[in-house]
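To keep things clear, I will list the structure first and then write my remarks on it.
The values are calculated or read from the model by the stated rules, or taken from the named source; none is laboratory data. Small disclaimer: the values here were computed from a predicted structure and weren't measured. Positions of Cβ are backbone-derived with ideal geometry, glycine not excepted, and every protein chain shown enters the neighbour counts. Ligands, DNA and RNA are stripped out before the accessible areas are found, and what is left, the full protein with its side chains, is counted by its heavy atoms. Shrake-Rupley method; radii C 1.70, N 1.55, O 1.52, S 1.80 Å.
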Amino acid sequence: MELSKNFLHREAEEKWYAHWSEAGYFKSTPDDRPPYTVVIPPPNVTGVLHMGHALNDTVQDILIRRAKMLGYNTCWVPGTDHASIATEAKVVNMLRDRGLDKNKMSRDEFMKYAWEWKEKYGGIILKQLGKLGCALDWDRTTFTMDDDYYAAVIRVFVELYKKGLIYRGVKMINWDPKAKTALSDEEVIYKQTNSKLYYVRYRIDSDTEEYITIATVRPETILGDTAVCVHPDDERYSHLADKYCFIPLINRRVPIIFDDYIDKEFGTGALKVTPAHDINDYNLGLKHGLQVVDTLNADGTMSEAAQLYVGMDRFVVRKKIVEDLKAAGYLVKEEDYVNQVGYSERTNEVIEPRLSMQWWCNMKEMAKPALDVVENNEIEFYPAKFKNTYRHWMGNIKDWCISRQLWWGQRIPAWYDADGTIYVAHTSEEAYREYNEKKPALAAKSPQLRQDDDVLDTWFSSWLWPMQVFDWNNNPENKDLEYYYPSNTLVTAPEIIFFWVARMIMAGFEFMGKKPFDKVYFTGIVRDKQGRKMSKSLGNSPDLLQLIDDFGADAVRFSVIITSPAGNDLLFDEAQLGQGSFFCNKMWNALKLIKGWEERSVENHEYGNIKFALDWMDARLAQVSQEITEMYKDFRLSEGLKTIYSLIWNDFCSWYLEWVKPAIGQPISTYIYEHTISIYEQLLQLLHPYLPFITEEIYHQLKDRTAGDDMIIKQLPVYEQPDMEALKGGALLQEIITAVRDTRNKNQLKPKDTIKLWVDTAHHAFYEEAQDILRRQVNAEHIGHIGGDGILPVSDRTRGMISLVVQTDKLYIEAASATIDTTAQRQQMGKEIAYLQGFIVSLDKKLLNDKFVQNAKPEVIANERKKRADAEAKIKTLEESLAAL
């Protein structure tokens, strides 16, 4: 079959993903092989594939495919998260489009619409992962609202409640007025904001016309003030002890209190105290027994308690109250002010601190083993720098607000009787049974219990992910859980180290008695060329599915990995997609070149010194394979791709194929042809985890395959130590060819002009082995030796030749048509000598530095000394050549 001009990615992607799936290559069941397990960070059911997913999921796919080729029983578990806040917002919007209002329907009615939405849109992102080539075990797909998963979450709540680790209480929380729900501290993103600082005066309750001035960035909260606080050592206000003042506009009489919490240097040194709307004010209020006045409704409008502006939005009120304060003579001045403002991670709404009755989980007891296991490297973090972030958070851990004022999610399993007594149980039947046993009289009088309306924080379900995807709740001793848990590697983003990573570790120890995974690799954030995080709001995030359609999944995978240094952010540039496409077509052209030799291959055909090229390429494969193995250990995947890219593009395509390529119309040895195919197969194996589609396609195009002979499951060969002499010889040959070609060009020798190449060297054997390749590559009709044991003695004849130096070998080009400029040669050699002398100076600074010598590894020091010796030897050779000109 004739090969297409270029690699057709769309056809290959559709064909091979279907083939891999139908062949069962993605499926896994326990057997006698060692497992390699990865659980996907479950994307939201609201989501579509974006560049962050492309990076994260490509990394996981690379690890899975590599492990499969090393003989592991690989299992990559897919699934989605129900994402309470985001999904409920989507459903509410859908209802609004249909002319329906969530507030006017029952919970059960709303849930029907929510499940309708989930069934329609919830699986889209999983299907898109297939477009990227992800080798996921689709039979294990899990959703955090599946019945079994739901039951596991309820079980965990009940068990922790009975242990006293879950409790209910009023605390200051972060409130999202748009989603109308509480948020944990980790779900608040602080942004630097240009605000205004307003100076407002409060009249003192005295016979004199005296005022005390405060400074605030939130004047709308003045209506909830219940005190003014100053520092006890602030002499400006010492005379106000036991005094009161009046809140502007509403004339509420409040005390002036003294507390060393106050910063005397900020603003005027006097602080308005609003216990209902600031955590620090709340703590002051508890300490001084202050009244709490909640002036905000759940949607961010002013409540009845505010007395003024009732029902108006808080930010509208901010402008209005400033105008009214100014008109009434209370506003002293306003200043520009830069401060940190908290925004909801989910809705991007400015959060409000708010006192609220919520459910809480005590984390301190669970945090200790989860901190220890990271500190002692039983769970390894890559990059290790994230241990510091983890340590800081775990060492200062706060109780977790786990309740959310939503309907979509696992409903809190708590029921209340008429007296307010709480019954926590797995089911309503259990709750009613306990109620009737504890309070038979009340149960007879008021038989109905009321279930808590709130649902659990989404993270309260996803922290069970590594164990519940293997059916922990129903069967905690099942074979899958025993075989696959703990998983090998978790690949995730550093921004959810607290939300998810830490909590999964805590849950693992709390419920399984062991860690959930061995290693955590934190990917970077995908940013645009200007360094901005990609987002819909900025419009700087490309359509990933369109990129896959236009350039191919392999090119997309190439583009995100090649620019992704381990654990650091990557600057995504669509130009990298072009590089990925060019690379694919380069490999396709190599395929076409090799296939073109098939009909020209001849058994027992003489192949001269071409074996030199085979030995070198075999050695390079062994060398790079070892390097890649080490890179995988440290998750240096970008470095690994660059190394394989260079091996294929430069070593194989640019050098090896040119060295073994037969002349036009000439035959090729079957041995060379088949060995070349074998080499290409091994290169494809190294590359396959990164670019699965083109490698599988080329593998099958190289020659006919039997059923089941597929690249995805082809085991990586075990290489012996690379032949160092072959490696040195190949590198020297490349250097000689490059130097001779450059010298030919500089001396205006045309490619068709033949030359004679004379060599003054101690490496006679090398030139004998490589002469067939070298002669063809530099168009030399003859290669001979000068000096030593060579054929031609050193004489004045070399003065008519073009001189050059490669390493410590002196080379002379003899060509009738050459235009020799000895002055230019002298200048070039002089520059090389000067450069090498400077290089030696820089090496000496290192080698004479005691700190470097004491701290560097012995092999590093030996390498630096070798560099110095090589430079000295080349200087000597250059000086000899210079003298001979």
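Measure up Lys68/Lys387; Lys586/Lys642; Lys102/Lys127; Lys831/Lys876 against 25 Å on the Cα-Cα distance and list the ones that go over.
Lys68/Lys387; Lys102/Lys127
For Ala707 and Arg10, what does the FRET efficiency come to when R0 = 25 Å and r is the distance between their Cβ atoms, rounded to the nearest 0.05?
0.50
Taking only Cα atoms, what is the 0 to 90° angle, nearest 10, from helix 107-121's long axis to the longest principal axis of the chain?
Value to nearest ten degrees: 10.
Using a 10 Å cut-off on Cβ atoms, rank the peptides 423-430, 56-63 from the highest mean neighbour count down.
56-63, 423-430
Report the extension gain between Asn585 and Ala305 in nm, rounded to one decimal, defined as 0.36 nm multiplied by the number of residues separating them, less their alpha carbon distance.
This chain segment gains 93.8 nm when fully extended.
With a Förster radius of 45 Å, plug the Cβ-Cβ distance of Ser446 and Asn339 into 1/(1 + (r/R0)^6) and report the FRET value to the nearest 0.05.
Here the calculated transfer efficiency is 0.35.
Roughly how many Å² of His392 are accessible to a 1.4 Å probe, to the nearest 10?
130 Å²
Only helical DSSP H runs with n ≥ 4 go in: add -39500 (n - 2.57) per run for the chain, normalise by residue count and round the 222 nm mean residue ellipticity to 500 deg cm²/dmol.
Helix contribution divided over all residues of the chain: -13000 deg cm²/dmol.
How big is the antiparallel share of DSSP beta bridges in the chain, given as a percent to the nearest 5?
In the chain, DSSP labels about 70 percent of beta bridges as antiparallel.
Using the heavy atoms of the protein chains and a 1.4 angstrom probe, tell me the accessible area per residue for the chain in square angstrom.
Per residue, the chain has 45 Å² of solvent-accessible surface.
By how many nm would the segment from Asn194 to Leu70 lengthen if fully extended, with 0.36 nm per residue of separation less the alpha-carbon distance?
Full extension of this stretch gives 39.1 nm more.
From the phi of every residue in region 83-98, what ³J(HN,Hα) in whole Hz does the Karplus formula 6.51 cos²θ - 1.76 cosθ + 1.60 yield, where θ is phi - 60° and glycine or proline is x?
6, 3, 5, 5, 5, 4, 4, 4, 5, 4, 5, 4, 5, 4, 4, 8
Kindly report, to the nearest 10 Å², the accessible surface of Glu437 as traced by a 1.4 Å probe over protein heavy atoms only.
Near enough 130 Å² of accessible area.
How far is helix 364-375 tilted, in degrees, relative to the longest principal axis of the Cα atoms in the chain, given as a value from 0 to 90 rounded to the nearest 10?
Relative to the chain, helix 364-375 is tipped by roughly 10 degrees.
Rounded, prolate or oblate: which one fits region 1-92, using the alpha carbon gyration tensor with axes a ≥ b ≥ c (rounded when a/c is under 1.5, else prolate when a/b beats b/c, else oblate)?
Note, shape of region 1-92 comes out oblate.
Below 11 angstrom from the Cβ of Asp809, what's the summed charge of the other residues (Lys, Arg +1; Asp, Glu -1)?
Local net charge: 0.
Just reorder Arg253, Arg66, Arg168 by solvent-accessible area, largest first, 1.4 Å probe, all chains present.
Heavy-atom accessible area, descending, gives Arg253, Arg168, Arg66.
Pick the calculated P(r) over Cα pairs in 20 Å bins from 0, in percent for this structure from (i) 13, 35, 34, 16, 2, 0; (ii) 12, 32, 29, 18, 9, 1, 0; (iii) 14, 46, 33, 7, 0?
Read-out taken from this structure: (ii).
Leu308: net charge of surrounding residues, Cβ under 11 Å, Lys/Arg +1, Asp/Glu -1, itself excluded?
Once positives and negatives cancel, what remains is -2.
Can you tell me the length gained on complete extension of the stretch Asn251 to Asp148, counting 0.36 nm per residue apart and subtracting the Cα distance?
31.4 nm
So how do 710-716, 196-202 stack up, highest first, on mean other-Cβ count within 10 Å?
Ranked by mean Cβ neighbours within 10 Å, highest first: 196-202, 710-716.
Tilt of helix 9-22 relative to the longest C-alpha principal axis of the chain, in degrees (0 to 90, nearest 10)?
Computed tilt is about 70 degrees.
Points 7 angstrom from Cα along the Cβ direction at Val316 and Lys514: gap in nanometres?
Result for the modelled spin labels: 6.0 nm.
Can you give the accessible area of Glu119, probe radius 1.4 Å, in Å² rounded to 10?
Surface accessible to solvent at Glu119 totals approximately 120 Å².
When a/c reaches 1.5 or more, the comparison of a/b and b/c decides; with that in mind, is region 607-687 rounded, prolate or oblate per its Cα gyration tensor?
prolate
According to the square roots a ≥ b ≥ c of the eigenvalues of the Cα gyration tensor, what is the shape class of region 35-88, taking rounded for a/c under 1.5, prolate for a/b larger than b/c otherwise, and oblate for the remainder?
Oblate, because a/c is 1.5 or more while a/b does not exceed b/c.
In the chain, carbon and sulfur make up what percent of the accessible area (probe 1.4 Å)?
Result for the chain: 49 percent of the exposed heavy-atom area is carbon or sulfur.
How would Asp554, Asp101, Asp233 line up by accessible area, probe 1.4 Å, largest first?
Asp233, Asp101, Asp554
Ala328 versus Asp419, label points 7 Å from Cα toward the beta carbon: distance in nm?
With each label point 7 Å from Cα toward Cβ, the separation is 4.7 nm.
Work out the FRET efficiency for Asp634 and Asp242 from their Cβ-Cβ distance, taking R0 = 45 Å, and round it to the nearest 0.05.
Calculated value: 0.10.
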